[in-house]
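Engineer: Take a look at this one; I'll ask things after.
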Amino acid sequence: MNQSWYKLILLFCLSAGSWLHAQQTATQMSLEDAINYALTETTAMKDAQLNIADADQQIIERRAFGLPQLSASASFQRYLEVPVQPLPDAFGIFDVYGQALGRDLFPLLEEDTQNALNQFSSGASDGGNSDGVSFFLQNNFTAAINLDAMIFDGSFFVGLQAARAFKIYTQQELSVKRREVENAVVDAYLPVLLIQENIELLDKNIDNLSKLFFETKELYKAGFSEQLDIDRQELSLANLRTERENLVRQKEVALSALKFTINFPVDEPLVITDDLDAMVVDAAESDLVDNYDINTRPEIMLLDKAMELGELNVTLNRANYLPTLRLFGAYQQQYQGDNLQDGFWAPTAFLGLNLNVPLFDGLEREAKLQRAKLQLEQTRNQKQNIEQAINLEVKNARTNYISARRRYESQQKNVALAERIYNTTQIKYREGVGSSLEVTQAEQSLYTSQTNYMQGLFDLLVAKSDLDQALGK
């Protein structure tokens, strides 16, 4: 064996190994697997879950508005030039009075107060009424704890109720998004499956026709067939192979669309594993004739919650007309001194109430209230339109399913009949009592029946999915 043969064998082994590795590492998904993957990986579902988490934080934020608020503050100020206030001439007597009276009273005062009065007296006596007097010391440090608490605010309780209702709204919105994602996956998965099974059917037909083509060539060599028979079968075989190539390219496009729908990496291999025939499930008789509960549709439940939010918005705007009452207070220590050792601390503490009564705001609150009522009315109109659309959707879905079911059953019978005719013509042809033209005609009828059957099966699955969606299942 020469070197070129070794290279061919090695290349074949490498190609086969790569193909086997790709098949082993490719992700396999049924329709249910694809739906579950999409529910965890698609951006729409992630955003809906983030909306729920945001609604939780809105509840905490709204609740915090009604809880007491405590804050601490600290400030330091040093005068580079101490402010001086000029005094009128009548204050000149302060020096004499302070000196005469202060000798008897100072022993009775605290040390910090004596220092302050001494500084004040010295400032008045040194500067006189010409230089004025300073009421400030060079260093000032203040530390405080502040309290602010709500006692009554009508909008607080309504707002908290609205925040909780909004969380339920986001949860219902998640259900709507979940249903939309499931429907989108079904719509993207079924075409891939249809093309894949059409390819498998073509492979089967190509294999059968290839065997017949080989037999025809052998019959031609033996003088029992014509060149025309060979040409007809060769043309049919070429058409089948061309159609298969087209379907392979269509499958790649449909598979890319499926990957995009479920947010699967486009460059990674994906294999779908379901079977169209196994997915056929008859609809219950009650789904086709009985009345249905429209409230099972997630869209209706979402609109009901939106109406509840609209009503709370009206109540919230009415609450803005009510007065509000808040408690406030503070405790602080203030240090004053010309240096950081000899100054004094002055404490301050207070509590108070703040009552705010709205009187006139230029009709702003009234305008907001009327807008809230208009938005609520729009939501009611939207719900009415959605209900009418759902009723029409259910009616059409039932009609389409019944029609698709009948077409599928008819095509199922037709393909069985076409297979029987094709097999019979092949037997007659091999026995020499039938012509190749009959085989070609039966072959074309079989292919057409198979195509119609696959399309009817696909239409039935889509109609069943649409019916379930319309009924809120």
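The values are calculated or read from the model by the stated rules, or taken from the named source; none is laboratory data. This is a predicted model, so every value here is computed, not measured. Backbone-built Cβ (ideal geometry, glycine too); neighbour counts: all protein chains shown. Remember, those area values only see protein heavy atoms, side chains included, never the ligands or the DNA or RNA. Shrake-Rupley method; radii C 1.70, N 1.55, O 1.52, S 1.80 Å.
Engineer: Return the total of residues in region 351-374 being within 25 Å of A306 (Cβ to Cβ) and in a loop (DSSP other than H, G, I, E, B).
Structural biologist: Residues that pass the stated criteria total 0.
Engineer: Answer yes if at least one residue in region 132-148 is part of a helix (DSSP H, G or I), at pLDDT below 90, more than 35 Å from the chain's Cα centre (by Cα) and aliphatic (A, V, I, L, M), and no otherwise.
Structural biologist: Step one: filter region 132-148 for residues part of a helix (DSSP H, G or I), giving none.
So far as region 132-148 goes, no, none of its residues is part of a helix (DSSP H, G or I), at pLDDT below 90, more than 35 Å from the chain's Cα centre (by Cα) and aliphatic (A, V, I, L, M).
Engineer: Which of (1) of a type in the set (A, V, I, L, M); (2) open to solvent by 50 Å² or more (accessible area, probe 1.4 Å); (3) in contact (Cβ under 8 Å) with a residue 24 or more places away in the chain; (4) not in a loop (DSSP other than H, G, I, E, B) does V281 not meet, given it meets every other one?
Structural biologist: Single failed check for V281: (4).
Engineer: Which of the residues spanning region 255-276 are within 17 Å of A26 (Cα to Cα), surrounded by 16 or more Cβ atoms within 10 Å (Cβ to Cβ) and in contact (Cβ under 8 Å) with a residue 24 or more places away in the chain?
Structural biologist: L255, L258, I262, N263, F264, L270, I272, D274
Engineer: Can you tell me how many residues in region 320-344 are modelled with pLDDT under 90, small (G, A, S) and either in a strand (DSSP E or B) or more than 30 Å from Q77 (Cβ to Cβ) (or both)?
Structural biologist: 1
Engineer: To continue, here is another question. Yes or no: A389 under 30 Å from D466 (Cα atoms) and exposed (fewer than 12 other Cβ atoms within 10 Å of the Cβ)?
Structural biologist: yes
Engineer: While we're looking at this one, here's another question. Check whether at least one residue in region 429-437 is part of a helix (DSSP H, G or I), open to solvent by 60 Å² or more (accessible area, probe 1.4 Å) and among the hydrophobic types (A, V, I, L, M, F, W, C), and report yes or no.
Structural biologist: The initial filter retains those residues of region 429-437 that are part of a helix (DSSP H, G or I), namely 429-430, 436-437.
Of the ones still in play, those that are also open to solvent by 60 Å² or more (accessible area, probe 1.4 Å) are 430, 437.
Applying the additional criterion that residues be among the hydrophobic types (A, V, I, L, M, F, W, C) yields 437.
Yes, the conditions are met somewhere in region 429-437.
Engineer: Taking the conditions exactly as written (open to solvent by 50 Å² or more (accessible area, probe 1.4 Å) and under 23 Å from Q444 (Cβ atoms)), does R249 satisfy them or not?
Structural biologist: no
Engineer: Return a yes/no flag: does region 164-172 have any residue that is farther than 18 Å from L355 by Cα, under 14 Å from the mean Cα position of the chain (by Cα) and aliphatic (A, V, I, L, M).
Structural biologist: Within region 164-172, not a single residue is farther than 18 Å from L355 by Cα, under 14 Å from the mean Cα position of the chain (by Cα) and aliphatic (A, V, I, L, M).
Engineer: Being polar (S, T, N, Q) and surrounded by 18 or more Cβ atoms within 10 Å (Cβ to Cβ), is that true of even one residue in region 392-408?
Structural biologist: Looking through region 392-408, at least one residue is polar (S, T, N, Q) and surrounded by 18 or more Cβ atoms within 10 Å (Cβ to Cβ).
Engineer: Another question about this same structure. Looking at the structure I just gave you, is I168 over 30 Å from L340 (Cα atoms), open to solvent by 50 Å² or more (accessible area, probe 1.4 Å) and not in a helix (DSSP H, G or I)? Quick ask: steps written out before the conclusion?
Structural biologist: Numbers: over 30 Å from L340 (Cα atoms): yes; open to solvent by 50 Å² or more (accessible area, probe 1.4 Å): yes; not in a helix (DSSP H, G or I): no.
It is false that I168 is over 30 Å from L340 (Cα atoms), open to solvent by 50 Å² or more (accessible area, probe 1.4 Å) and not in a helix (DSSP H, G or I).
Engineer: Would you mind telling me which numbered condition in (1) in contact (Cβ under 8 Å) with a residue 12 or more places away in the chain; (2) within 58 Å of the chain's Cα centre (by Cα); (3) open to solvent by less than 80 Å² (accessible area, probe 1.4 Å) A416 fails?
Structural biologist: Against the list (1) in contact (Cβ under 8 Å) with a residue 12 or more places away in the chain; (2) within 58 Å of the chain's Cα centre (by Cα); (3) open to solvent by less than 80 Å² (accessible area, probe 1.4 Å), A416 comes up short only on (1).
Engineer: A follow-up question, please. What are the pairs with Cβ atoms under 9 angstrom where one residue, in region 439-464, is farther than 14 Å from S403 by Cβ and without any contact (Cβ under 8 Å) to a residue 24 or more places away in the chain and the other, located anywhere, is β-branched (V, I, T) and in a helix (DSSP H, G or I)? Sequence gap at least six, or different chains.
Structural biologist: Filtered contacts from region 439-464: Q441/T425.
Engineer: Here's a follow-up. Looking at A346, is it surrounded by 17 or more Cβ atoms within 10 Å (Cβ to Cβ) and not aromatic (F, W, Y)?
Structural biologist: Working: surrounded by 17 or more Cβ atoms within 10 Å (Cβ to Cβ): no; not aromatic (F, W, Y): yes.
In short, no.
Engineer: What is the one condition in (1) within 30 Å of T142 (Cα to Cα); (2) touching a residue at least 60 places away in the same chain (Cβ under 8 Å); (3) surrounded by fewer than 17 Cβ atoms within 10 Å (Cβ to Cβ) that T296 does not satisfy?
Structural biologist: All conditions are met except number (1).
Engineer: Sort through N183, N198, N239 and tell me the only one that's free of Cβ contacts under 8 Å to residues at least 40 places away in the same chain, open to solvent by 20 Å² or more (accessible area, probe 1.4 Å), polar (S, T, N, Q) and in a helix (DSSP H, G or I). Talk me through it step by step, then tell me what you get.
Structural biologist: Working: N183 fails: free of Cβ contacts under 8 Å to residues at least 40 places away in the same chain; N198 fails: free of Cβ contacts under 8 Å to residues at least 40 places away in the same chain.
Criteria check complete, one pass: N239.
Engineer: What number of residues within region 300-343 are touching an Asp or Glu at 6+ places or on another chain (Cβ under 9 Å), open to solvent by less than 50 Å² (accessible area, probe 1.4 Å) and within 30 Å of F136 (Cβ to Cβ)?
Structural biologist: 2
Engineer: Pick from Q384, Q426: which is assigned to a helix (DSSP H, G or I), without any contact (Cβ under 8 Å) to a residue 12 or more places away in the chain, of a type in the set (S, T, N, Q) and over 24 Å from V280 (Cβ atoms)? Before the answer, list the steps.
Structural biologist: Details: Q426 fails: without any contact (Cβ under 8 Å) to a residue 12 or more places away in the chain.
Checking each option against the conditions leaves just Q384.
Engineer: Only one of these conditions is not met by F135: (1) farther than 30 Å from Q333 by Cβ; (2) surrounded by fewer than 16 Cβ atoms within 10 Å (Cβ to Cβ). Which number is it?
Structural biologist: F135 satisfies every listed condition except (1).
Engineer: Given L359, L363, which one is within 45 Å of the chain's Cα centre (by Cα), on the phi > 0 side of the Ramachandran plot and surrounded by fewer than 11 Cβ atoms within 10 Å (Cβ to Cβ)? Talk me through it step by step, then tell me what you get.
Structural biologist: On the way: L359 fails: on the phi > 0 side of the Ramachandran plot.
Step by step, each of L359, L363 is checked, and only L363 is within 45 Å of the chain's Cα centre (by Cα), on the phi > 0 side of the Ramachandran plot and surrounded by fewer than 11 Cβ atoms within 10 Å (Cβ to Cβ).
Engineer: So in region 401-441, with the set limited to residues that are touching a Phe, Trp or Tyr at 6+ places or on another chain (Cβ under 6 Å) and at pLDDT 90 or above, which one is nearest to Q455 (Cα to Cα)? Can you show your working first?
Structural biologist: Keep residues of region 401-441 that are touching a Phe, Trp or Tyr at 6+ places or on another chain (Cβ under 6 Å), which gives 411, 415, 439.
Add one more test, that the residue is at pLDDT 90 or above, and what stays is 411, 415.
Numbers: Q411: 9, V415: 12 Å.
The residue in question is Q411.
Engineer: Only residues in region 133-156 that are closer than 30 Å to V82 by Cβ count as the first member; pair them with residues that are open to solvent by less than 30 Å² (accessible area, probe 1.4 Å), Cβ under 6 angstrom, at least 6 apart or cross-chain, and list the lot.
Structural biologist: Qualifying pairs under 6 Å: V133/G123; V133/A124; S134/G123; L137/G337; N139/G337; F141/Y335; A144/A330; N146/A330.
Engineer: Test A188 against the stated conditions and say whether it is in contact with a Phe, Trp or Tyr (Cβ under 9 Å, 6 or more places away or on another chain), at pLDDT 90 or above, within 30 Å of E41 (Cα to Cα) and of a type in the set (G, A, S).
Structural biologist: Values: in contact with a Phe, Trp or Tyr (Cβ under 9 Å, 6 or more places away or on another chain): yes; at pLDDT 90 or above: yes; within 30 Å of E41 (Cα to Cα): yes; of a type in the set (G, A, S): yes.
Spelling it out, A188 is indeed in contact with a Phe, Trp or Tyr (Cβ under 9 Å, 6 or more places away or on another chain), at pLDDT 90 or above, within 30 Å of E41 (Cα to Cα) and of a type in the set (G, A, S).
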